[in-house]
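The values are calculated or read from the model by the stated rules, or taken from the named source; none is laboratory data. Keep in mind that what you see is a predicted model, and the values were worked out from it rather than measured. Glycine gets a Cβ as well: all are built from the backbone with ideal geometry, and neighbour counts include every protein chain shown. Accessible surface areas use protein heavy atoms only, side chains included; no ligands, DNA or RNA. Shrake-Rupley method; radii C 1.70, N 1.55, O 1.52, S 1.80 Å.
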Amino acid sequence: MSKIATSFTHVAVALDRASNTALYRQLYDQLRDAILSGRLAPGARLPSTRELASELNVARNTVLNTFEQLYAESYLERRVGDGTYVSHQLPDDLLRVTKPQFTPKRSGQSNSNAATFMPVSVANYSGPPRPFRTGTPAFDAFPYKLWRRLLVQRWSNSAGEMLQYSDSAGYLPLRKAIAAYISTTRGVRCVPEQLLITSGSQHALEIVIRTVLKTGDKVWIEDPGFLGARASFIAAGAHLVPVPVDNEGLNIASGMERCSDPNLIYVTPSHQYPLGSTLSLSRRLALVKLAARCGAWVIEDDYDSEFRYVGRPLASLQGLDNEQRVIYIGTLSKVLFPSIRIGYIVAPPDLFEALLSARCLGGHQSPTMDQAVLADFISQGHFARHIRRMRVLYAERQQALVNAARSELKGLLEIKPSDAGMHLLGWLPEHVDDQKSFRAAMAAGVEVTPLSAYCIEPPKQGALRLGYTGYKPREIWRATRRLAETLRNQHSKDNPR
Ligand SMILES: Cc1ncc(COP(=O)(O)O)c(C=O)c1O
């Protein structure tokens, strides 16, 4: 490492020529630090730029650039015909600045409103996915080369257009491609002009909530249900009405007993999150009727319906709604990859303009380049092919988990196959606490989530949620064995002989 150093007025400066940081930037950082820490006191005289450049063996321009920056930020002052001095004007509190320390406070620990209005903690992912983290597509089977080719083509052929501000509703060819796709595969009744592209479906939810919800509005939510939705409703000051879920999905009769005139209803009808049931046709019709009667909006969150392994994907609730009360939300996070951050809203005609304003205020637009590549991916037929391939792969991976569980988890966790989705629920024996099992599994490096985390009213039986789509069968088997060992140990600890 070639370091060059000097010292003046008791301040040592050391520049590292091998570093990736420009020399001017290194000099700037060190002088600024010296001033802020008081090692260079207000009024201290600095050497001339020529002297300093020669001492440090750098170009004079390097020193000139540094000094210019420090003048501009008022750390230094010039005295005509005299020289350069540390500014006298620095406020005392600035001079005591220490290295920034950052220890984020958890929800509930902070005094600020921002943190306290979020009583449910939502997922924040870190580290590479490992079994059985949910919402993880098969990154090992993504068509990387194809995606790169489409990206390169776009950068080569239409880069200028891609860099500008553009329509907040989204890139029109993408809206056309998605409208065609959801009309045919999901029975959504829509035209491209009523689609709004968002940064994923959580963002879509935020936009819808901001547009239609007033503080104190009554919101039916599924219990158990999606935490991201619950957190957004709480943040918006909604009055939550937890509605139980059974094997026909949201229990409408139960909801009616709790609150017969909701302002908004949030549902995952194709594949209830997290229990996996499908909203029956009679309940769908009842829901649409209820919404029309009380003028409620219905948010249909259709997050992973592409992955149905038996029969055809189910038609959407939106397609049944003649009164246009259903706001349909979809995402590319599960079917392609989550970091693409592209989702969409199919807006009822009455809401389009208001939703567009909210989308515009919430970050203007999604990156045009990503939207364009995705539009090409869909319109050239790659998307449909990718879904077909993933359906086969995910069915195999689900089978691997079911087989591994049958072999390793007998009496510890009962995992049943499912016709759809990207995760399975493993039911714990009665009276086994799923939070305890979850903590033990996490400590052993197996990522699961406890069912009770999604519940407002405590569940009758504990369960663990296991994602399988992102992992090869041998990883699934290995993690299943580790999970079995952990649950067995926990069982022995809880039931000593
Ligand atoms: C039911 C449900 N809705 C919405 C989302 C949010 O997805 P996105 O990545 O599109 O924001 C998720 C993510 O897990 C989900 O499970």
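The one condition from (1) away from the ligand (no atom under 16 Å from the Cβ); (2) in contact with a Lys or Arg (Cβ under 9 Å, 6 or more places away or on another chain) that G187 does not meet is (2).
Out of the residues in segment 439-452 that are open to solvent by 40 Å² or more (accessible area, probe 1.4 Å) and under 22 Å from the mean Cα position of the chain (by Cα), state the one that is nearest to R130 (Cα to Cα). Among residues in segment 439-452 that are open to solvent by 40 Å² or more (accessible area, probe 1.4 Å) and under 22 Å from the mean Cα position of the chain (by Cα), the one nearest to R130 (Cα to Cα) is M442.
Only one of the listed residues (S254, S280) is away from the ligand (no atom under 16 Å from the Cβ), open to solvent by less than 40 Å² (accessible area, probe 1.4 Å) and free of Cβ contacts under 8 Å to residues at least 12 places away in the same chain. That residue is S254. Could we say that D246 is within 16 Å of the ligand (Cβ to nearest atom), of a type in the set (D, E, K, R) and either open to solvent by less than 30 Å² (accessible area, probe 1.4 Å) or under 27 Å from G135 (Cβ atoms) (or both) here? In short, no. Could you grab me the full set of residues in segment 408-422 that are surrounded by 16 or more Cβ atoms within 10 Å (Cβ to Cβ) and of a type outside the set (S, T, Y)? Within segment 408-422, E408, L409, L412, L413, E414, I415, A420, G421, M422 qualify. I'd like to know if segment 322-334 contains one or more residues that are within 16 Å of the ligand (Cβ to nearest atom), of a type in the set (A, V, I, L, M) and over 24 Å from D350 (Cα atoms). Looking for residues that are within 16 Å of the ligand (Cβ to nearest atom), of a type in the set (A, V, I, L, M) and over 24 Å from D350 (Cα atoms), one finds at least one in segment 322-334, hence yes. Take the conditions modelled with pLDDT under 95, open to solvent by 40 Å² or more (accessible area, probe 1.4 Å) and more than 22 Å from the chain's Cα centre (by Cα) and apply them to E485. Does it pass? Considered against the rule, which asks whether it is modelled with pLDDT under 95, open to solvent by 40 Å² or more (accessible area, probe 1.4 Å) and more than 22 Å from the chain's Cα centre (by Cα), E485 comes out as no. Condition (residue is in contact (Cβ under 8 Å) with a residue 24 or more places away in the chain, in a loop (DSSP other than H, G, I, E, B) and not β-branched (V, I, T)) applied to segment 388-397: is it met by at least one residue? Within segment 388-397, not a single residue is in contact (Cβ under 8 Å) with a residue 24 or more places away in the chain, in a loop (DSSP other than H, G, I, E, B) and not β-branched (V, I, T).
A quick yes/no check of all residues on (1) modelled with pLDDT of 60 or more; (2) touching a Leu at 6+ places or on another chain (Cβ under 7 Å); (3) open to solvent by 60 Å² or more (accessible area, probe 1.4 Å):
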{"position": "H88", "(1), (2), (3)": "yes, no, yes"}
{"position": "D93", "(1), (2), (3)": "no, no, yes"}
{"position": "A114", "(1), (2), (3)": "no, no, yes"}
{"position": "V120", "(1), (2), (3)": "no, yes, no"}
{"position": "G127", "(1), (2), (3)": "yes, no, no"}
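Taking residues in segment 43-55 that are farther than 14 Å from L27 by Cβ, and partners anywhere that are buried (at least 16 other Cβ atoms within 10 Å of the Cβ), the pairs with Cβ atoms closer than 7 Å and at least 6 places apart or on different chains are G43/Y85; G43/V86; A44/Y85; A44/V86; R45/Y85.
Checking the stated criteria, S305 turns out not to satisfy the condition of being in contact with a helix residue (DSSP H, G or I) (Cβ under 6 Å, 6 or more places away or on another chain) and not aliphatic (A, V, I, L, M). Pairs meeting the criteria (first residue in segment 193-214 and acidic (D, E), second residue within 12 Å of the ligand (Cβ to nearest atom), beta carbons under 8 Å, at least 6 apart or on different chains) are E206/S232. Scanning segment 338-362 for residues that are within 10 Å of the ligand (Cβ to nearest atom) and either open to solvent by 30 Å² or more (accessible area, probe 1.4 Å) or not in a loop (DSSP other than H, G, I, E, B) (or both) returns P338, S339, I340, R341, G343, Y344. Here A479 meets the list (1) of a type outside the set (S, T, Y); (2) modelled with pLDDT of 95 or more; (3) touching a Leu at 6+ places or on another chain (Cβ under 8 Å) almost entirely, failing just condition (3).
Just one of the listed residues (A238, A204) is of a type outside the set (K, R) and within 10 Å of the ligand (Cβ to nearest atom), namely A204. There is at least one residue in segment 304-315 that is open to solvent by 10 Å² or more (accessible area, probe 1.4 Å), in contact with a Ser or Thr (Cβ under 9 Å, 6 or more places away or on another chain) and outside any loop (DSSP other than H, G, I, E, B).
Listed conditions (1) open to solvent by 60 Å² or more (accessible area, probe 1.4 Å); (2) within 25 Å of I299 (Cα to Cα) are all met by E396, apart from (2).
Residue count for segment 453-465, restricted to those that are touching a residue at least 24 places away in the same chain (Cβ under 8 Å) and either polar (S, T, N, Q) or open to solvent by 30 Å² or more (accessible area, probe 1.4 Å) (or both): 5. Would you please name the residue that is surrounded by the most Cβ atoms within 10 Å (Cβ to Cβ), looking only at residues in segment 287-299 that are away from the ligand (no atom under 11 Å from the Cβ) and not small (G, A, S)? Ranking the qualifying residues of segment 287-299, first place goes to L287. Within segment 220-235, how many residues are at pLDDT 95 or above and away from the ligand (no atom under 15 Å from the Cβ)? Of the residues in that region, 1 qualify.
Whenever a residue of segment 406-422 is closer than 27 Å to V335 by Cα, its partners that are open to solvent by 10 Å² or more (accessible area, probe 1.4 Å) and among the aliphatic types (A, V, I, L, M), lying with C-beta atoms within less than 6 angstrom and at least six residues away or across chains, give the pairs D419/V310. Checking each residue in segment 194-218 for being open to solvent by 20 Å² or more (accessible area, probe 1.4 Å) and either basic (K, R) or under 25 Å from S260 (Cα atoms) (or both) picks out E206, R210, T211, V212, L213, K214, T215, G216, K218.
In summary, helices (runs of 4 or more DSSP H) completely within segment 167-271 and bearing 3 or more residues that are of a type in the set (K, R) occur at 172-186.
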